[in-house]
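First the structure, in the form of structure tokens, and then the observations on it.
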Amino acid sequence: MSRDTAAVVGGGIMGAGIAQVLARNGYDVRVREINEELAEEARERVISGNYGLDDAVSGGYLSEEEKAETLERITFTTDLAAATDGTDFVIEAVTENLAIKGQVFRDLDEVTDDQPLYSNTSGFSVTAIANAVSDPSRVAVTHFFNPVPVMDMVEIVRAPETDDAVVERAEELIDELDKTRVTIDDAPGTYGFIANRCHAAMREEAQQIVDEGIATEDQVDKALEDGYNLPVGPFSLRGIGEEWD
């Protein structure tokens with residue numbers, strides 16, 4: 001089972017998860033990191049990180065043979081040009097910093113041709129990111145949720161300049177990965193798309209309740225988890241890796 005070749009720029013938690021899901025679905029994936037040490041860490045993350053391939057095997061979702069085949073489809077490199085050469089599309093998954101993302105897209109503009117460029121940003125404007133490339137029409141957002149191998153939703157976000165074919169390819173990709181998608185328009189001047197904007201409002205109100213002495217953090221989490229069947233409350237979520245502004 002082999003489809004296309006994809007590049008993932010950034011091998012952190014999100015990038016490793018995206019690479020793993022792509023490879024499990026037949027894509028040949030090239031993960032690019034900025035140095036050999038981080039590239040090796042990305043490889044280990046795919047294998048033995050939380051929700052990595054080892055977890056998939058132990059959970060009965062993947063056989064040892066399928067794990068080996070998946071790993072054969074992923075390569076790790078520090079060479080951006082080599083990583084992106086001839087790829088069907090590129091997904092950027094570096095740290096959530098607009099300046100860093102902008103530099104990555106400027107670099108991608110120099111080494112890629114006309115393939116779609118997708119950002120995994122959780123909330124930066126597509127327009128702001130697309131400004132870094134000479135042809136903004138090939139830029140869109142594919143916002144995967146963490147942990148990528150488990151979470152079903154992907155937000156696809158387009159700017160006014162985004163080509164319809166770029167959006168359609170993203171929609172095809174998410175369907176191929178058997179995930180759920182929503183496609184929305186960019187909203188410059190705000191941070192976050194659908195889920196994160198709603199969640200930010202919940203976080204703010206949760207903090208206000210604690211600040212006013214109405215309830216403790218544990219009580220707020222319990223009320224939301226048991227009252228609305230949330231898998232994890234806002235304060236517990238912050239405790240397992242999410243950073244609040």
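The values are calculated or read from the model by the stated rules, or taken from the named source; none is laboratory data. Remember, it's a predicted structure, so these values are computed and weren't measured experimentally. Every residue, glycine among them, receives a Cβ derived from its backbone with ideal geometry; neighbour counts consider all protein chains shown. Accessible surface is based on the protein model in full, side chains and every heavy atom, while ligands, DNA and RNA are left aside. Shrake-Rupley method; radii C 1.70, N 1.55, O 1.52, S 1.80 Å.
Observations
- Given charges at Cβ of Lys, Arg, Asp, Glu: the chain dipole, positive-most of Gly12, Val182, Ala165: Val182
- For the range 195-244, with +1 on Lys and Arg beta carbons and -1 on Asp and Glu, the positive-most of Cys198, Gln219, Ser236 along the dipole: Cys198
- Accessible surface of the chain, 1.4 Å probe, proportion on carbon and sulfur as whole %: 47
- Backbone N under 15 Å from the Leu230 label point (7 Å along Cα→Cβ), restricted to the range 178-218: 195-211, 215-218
- Taking 0.36 nm per residue of sequence separation and removing the Cα-Cα distance, the Val210/Val111 pair yields an extension gain of 30.7 nm.
- Here the Kirkwood formula puts the hydrodynamic radius of the range 89-245 at 16.9 Å, using every distinct Cα pair.
- Cross-link reach list, lysines versus Lys67, counting only Cα pairs under 29 Å and skipping chain neighbours closer than eight places: Lys179
- Overall form of the range 195-244 per C-alpha gyration tensor (a/c, 1.5; a/b vs b/c): rounded
- Three-way shape call for the range 3-183 based on the alpha-carbon gyration tensor, with the a/c threshold at 1.5: prolate
- About the Cα centre, charge dipole magnitude for the chain (Lys/Arg +1, Asp/Glu -1 at Cβ), debye: 140
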